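Okay, structure first, notes after.
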Amino acid sequence: MSTNTQSSFYRDFKIGLDYLKEQEGDELHRCLYFSNVISLMEKYLLDLFIYEISTDRNKIVKLATHPKFKAQSIKLTYALNNSMEEYIIHSMKNIVWHRLNDIDIFYKAVLNIKFNLSSELLENLNIRHHIVHRNSYDIEGCKVNISKETLHHCICNVDLFIRQIDKKYYQENS
């Protein structure tokens, strides 16, 4: 994909990813880099979505009709004294953006972008979970080792996933 068909969100994501590609590091650093790849993905997904609902009233209204917000009851005094747009944006910022099955629903409903979730990408999320929440041990207590190849495959999987989204985004908005 050439630069003129990429969003600024993808270009920012790619800068971080390219930096991580150049890192070697020991086991500990590879674990940190692996986790950071997923963080870069989360930031891209969040930034793009928040930008779209912040700059397009139709999209935030569409989001407000989503079951997450449609069933909420808000006190009238709160609604009168606060911006409902800011309330929705704040709520979306507090979502866990690596839970891709949850995020896919919002992207589909609001941005008309469906995710292509590969088993490899989902496994990368699982590995990252072990790194972050279990100090690099899986649920059975086995050490999760991040080799250079494992890190490289994670980078490739996440890059492909985000490139696919960015391509759909560009096509929807050009």
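Quick notes on this structure:
- Ser119 in contact with a helix residue (DSSP H, G or I) (Cβ under 7 Å, 6 or more places away or on another chain) and within 22 Å of Asn36 (Cα to Cα): no
- Options Asp18, Asp47, Asp56: the member that is within 19 Å of Asn112 (Cα to Cα) and either at pLDDT below 95 or crowded, with 16+ Cβ neighbours inside 10 Å (or both): Asp47
- Boolean, Asn124 is on the phi < 0 side of the Ramachandran plot, assigned to a helix (DSSP H, G or I), out of contact with any Phe, Trp or Tyr (no Cβ under 6 Å at 6 or more places or on another chain) and buried (at least 19 other Cβ atoms within 10 Å of the Cβ): yes
- Lys68 vs. criteria modelled with pLDDT under 90, in a helix (DSSP H, G or I), out of contact with any helix residue (DSSP H, G or I) (no Cβ under 6 Å at 6 or more places or on another chain) and of a type in the set (D, E, K, R): yes
- Here is the figure for segment 132-165: residues that are touching a strand residue (DSSP E or B) at 6+ places or on another chain (Cβ under 9 Å) and surrounded by 15 or more Cβ atoms within 10 Å (Cβ to Cβ) total 2.
The values are calculated or read from the model by the stated rules, or taken from the named source; none is laboratory data. Predicted model only: the values in this text are computed from it and were never measured. Note that each Cβ is placed from the backbone with ideal geometry, even for glycine, and that neighbours are counted across all protein chains shown.
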